[in-house]
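Visitor: Encoded as structure tokens, here's the structure I'll be asking about.
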Amino acid sequence: MIQLDLTDNRPLYEQIKEKISELIIKKVLSKNEQLPSVRELSSILAINPNTIQRAYKDLEREGYIYSQQSKGSFVAPIEHTAKIAQTNDLIESLNNIILKLKYLGYEKDAINELVQEAFKGGTEN
């Protein structure tokens, strides 16, 4: 399910968060599907349960998962408010990337070509 890169400089919880959100975005994990428990995933990955708990809390705060007391964590259906917040964050990130590309000398047509290539390689809805 998840493989961590020990050569990556990022904290393990960020890698876990990224991998799980990627699985959700790519629809490998379905809405309302139960995630492994904190203890189970920490055992599988051989890392501290607090690391998993932190990743799960961040994923819940960002709207990717939800928790049910005594039942565990589940993939959240995208709600309108969570979708708007995520969309705004992504648009801001995209704007920052475009500004950096412009600074590096990329012209509008070259940037548009990169966007078109990204669409070709993306998953279908």
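Visitor: So the check is Cβ under 6 Å with 6+ separation or different chains; which pairs have a first residue in segment 44-59 that's in the same structural domain as Leu29 (by TED's automatic domain parsing) and a second one that's assigned to a helix (DSSP H, G or I) and of a type in the set (Lys, Arg)?
Guide: As it stands, the answer is Pro49/Arg39; Ala55/Lys17; Asp58/Lys17; Leu59/Lys17, since those pairs meet every condition given.
Visitor: Does segment 43-77 hold any residues that are at pLDDT 95 or above, among the small types (Gly, Ala, Ser) and surrounded by 18 or more Cβ atoms within 10 Å (Cβ to Cβ), and which are they?
Guide: Ala55, Ser73, listed by residue number.
Visitor: Would you check if there is a residue in segment 30-40 being modelled with pLDDT of 95 or more and under 15 Å from the mean Cα position of the chain (by Cα)?
Guide: So far as segment 30-40 goes, yes, one or more of its residues are modelled with pLDDT of 95 or more and under 15 Å from the mean Cα position of the chain (by Cα).
Visitor: Counting just the residues of segment 78-115 that are closer than 26 Å to Val38 by Cβ and outside any helix (DSSP H, G or I), which one comes out modelled with the lowest pLDDT?
Guide: Restricting to residues being closer than 26 Å to Val38 by Cβ and outside any helix (DSSP H, G or I), the top hit is Glu79.
Visitor: Would you be able to tell me the number of residues in segment 19-44 that are in a helix (DSSP H, G or I), more than 11 Å from Tyr64 (Cα to Cα) and of a type in the set (Asp, Glu)?
Guide: Looking only at that region, the number is 1.
The values are calculated or read from the model by the stated rules, or taken from the named source; none is laboratory data. All of these numbers come straight from a predicted model, not from anything done at the bench. Here the Cβ is made from the backbone with ideal geometry for all residues, glycine too, and neighbour counts use every protein chain on show.
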